[in-house]
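First up is the structure itself, then whatever we jot down about it.
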Amino acid sequence: MKHSSQFAGRTIIVGIAGGIAAYKAAALVSRLRQEEAQVQVIMTRAARRFVSPLTFAALSHRPVLSDLFRDEPLGHVNLAHRAELIVVAPATYDLIGKVAHGLADDYLTTTIAASRAPVLFLPAMESQMYENPILQANKRALEELGYRFLAPERGRLASGREGLGRFPERETILKAIAAILQEGALLTGWQILVTAGPTRERLDPMRCLSNRSSGRMGYALARAAREWGAEILLISGPTTLQPPPGVSFIGVESAEEMKDAVLKNAPAQDAILMAAAVADWRPARREAKKISKSGQDKLVLTLERTPDILQALGENKHPGQLLIGFAAETDELAAKARAKLTAKHLDLIVANELTRGDAGPEAETNIATLIYPDGKEENLPLQSKLALSREILRRMLGLRSA
């Protein structure tokens with residue numbers, strides 16, 4: 001298996017934390033050097049007690065960095081700017097906790113803190129530690145911020161027990177590294193429109209009809225697509241989120257405003273991802289003054305349908321343009337999503353249930369079923385919305401190449 005076209009000349013930091021699997025990182029460093037990558041090893045103090053730095057210096061053809069005060073002054077800052085990827089192998093319970101809580105007290109954690117390069121953690125530890133709720137909470141927090149994790153494997157652990165926590169096989173790691181290094185250019189040249197958040201349909205100057213959408217899914221899609229090289233236009237209803245760096249942004253309030261912004265910009269797009277939770281109904285009459293409750297025990301509202309933006313997009317999409325919709329339901333998820341896919345002329349629909357506490361509009365994680373026009377269904381596991389966004393974008397690329 002040859003990876004040189006992806007690794008040659010790429011600057012990769014391999015950070016080694018203090019776990020028994022530290023010795024397995026030697027084979028990874030050796031293979032990356034064989035593939036002509038520029039590898040810089042950073043070891044924690046605990047890692048040096050498991051494997052000699054001399055081993056990694058010989059394999060990487062570079063001095064190993066470890067002492068923040070003794071080694072090259074400001075070296076961690078300069079290295080952080082040069083790095084194209086940081087791989088932490090193994091990533092221990094302690095190190096993951098430190099990064100998750102913003103602690104940077106050694107060469108490795110300060111380099112991670114100073115770098116904007118992707119970071120891939122390879123957790124390796126006993127099952128009880130990996131499954132500990134604290135570790136899992138730290139992992140979710142880091143994933144939400146864009147850090148990557150390659151899941152450990154099942155097998156015989158250092159304790160002699162069988163379980164989840166083994167350091168991944170080298171070829172599995174190399175594939176993960178290659179995929180991350182390729183991502184920066186996967187969507188180069190694409191123009192993508194993403195919608196996000198709720199809409200607000202005003203009843204009077206104070207009150208409105210809205211929904212629970214946080215906008216996290218749409219903002220995660222915009223961020224992931226921008227990181228992969230696309231030019232992004234994010235059109236969002238009211239949220240508390242900040243637009244991702246490098247993304248063009250249009251803020252709207254009502255479904256009518258979103259319709260105008262989307263339809264105006266749609267013709268120039270290669271793909272449109274409609275993640276916004278657009279209100280289906282609005283008050284038929286908007287009052288100019290705040291409605292008083294004095295003397296009223298009931299208030300009867302007459303509602304009318306809002307414009308169907310997705311329907312208009314599906315009926316007017318140009319050849320080669322991809323249109324991806326979202327469906328959130330409490331029952332008959334697959335059937336309702338499939339009907340929407342067909343009616344709106346979509347290329348893919350992302351369906352998720354509203355009844356789960358760990359998924360849905362306000363959660364930081366999500367679980368989804370992808371449904372295609374040919375009837376194929378693909379279930380994606382619970383993961384951060386940013387990780388799910390990357391999976392959706394990979395499927396979108398597959399649609400273009402099909």
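Only the coordinates and a few stated rules stand behind these numbers; no lab work does. Model, not experiment: these values are computed from the prediction. No Cβ is skipped: glycine too gets one built from the backbone with ideal geometry, and neighbour counts run over all protein chains shown.
Charge tally around GLN136: other residues with Cβ under 12 Å, Lys/Arg +1 each, Asp/Glu -1 each, net -1. Multiplying the residue separation of ARG161 and ALA141 by 0.36 nm and subtracting their alpha-carbon distance yields 4.3 nm. Think of it as helices only: each DSSP H run of n ≥ 4 in the chain is worth -39500 (n - 2.57), and spread over all residues that comes to -10000 deg cm²/dmol at 222 nm. Between ASP280 and GLU362, the simple spin-label model (points 7 angstrom out along Cα→Cβ) gives 2.1 nm.
Assuming charge only on the beta carbon of Lys and Arg (+1) and of Asp and Glu (-1), the dipole of the chain about its Cα centre is about 300 debye to the nearest 20.
Each pair of Cα atoms in the chain enters the Kirkwood radius, and Stokes-Einstein at 20 °C and 1.002 mPa s then converts it into a translational diffusion coefficient of 92 µm²/s. Within region 191-401, all pairs of alpha-carbon atoms sorted by distance into 10 Å bins from zero give the percentages 8, 34, 36, 15, 5, 1, 0.
Here the contact order of region 191-401, divided by its residue count and restricted to Cα pairs under 8 Å and six or more residues apart, works out to 20 percent. When the charge dipole of the chain is built from unit charges on Cβ atoms (+1 for Lys and Arg, -1 for Asp and Glu) and taken about the Cα centre, the candidate among PRO283, ALA25, LEU310 whose Cα reaches farthest toward its positive end is ALA25. Close amide H pairs (under 5 Å, H built 1.01 Å from N) link VAL88 with GLY15, LEU120, PHE121, LEU122, residues at least 5 positions away or on another chain.
For region 120-246, the spread of Cα positions along the three principal axes, ordered from largest to smallest, is 67, 37, 17 Å.
With a Förster radius of 41 Å, plug the Cβ-Cβ distance of SER294 and ASP260 into 1/(1 + (r/R0)^6) and report the FRET value to the nearest 0.05. Efficiency for this residue pair is about 0.65.
Less than 5 angstrom separates the built amide H of VAL252 from those of SER236, GLY237, all sequence-distant by 5 or more or on a different chain.
Averaging over all projection directions, the Cα-based convex hull of region 4-183 occupies 9.4 nm² in the image plane. For GLU72 and TYR23, the difference between the fully extended length at 0.36 nm per residue and the C-alpha to C-alpha distance is 15.1 nm.
When the chain is described by a simple charge dipole with +1 on each Lys and Arg Cβ and -1 on each Asp and Glu Cβ, the residue from TRP228, ASN138, LEU108 located farthest towards its positive end is LEU108.
In terms of Cα to Cα distance under 22 Å, which lysines are near enough to LYS344, apart from those fewer than 8 places away along the same chain? Result set, ordered by chain and number: LYS259, LYS264, LYS317, LYS336, LYS376. The equivalent ellipsoid that matches the C-alpha gyration tensor of region 91-132 spans semi-axes of 21, 11, 8 angstrom, in descending order.
Each Lys or Arg adds one and each Asp or Glu takes one away; over the other residues whose Cβ falls under 9 Å from the Cβ of THR11, this sums to +1.
A straight Cα-to-Cα reach below 24 Å connects LYS139 with the lysines LYS24, LYS98, LYS175, LYS385, residues fewer than 8 places away in its own chain not being considered. Over region 101-170, the reciprocal of the mean inverse Cα-Cα separation, the Kirkwood hydrodynamic radius, stands at 13.3 Å.
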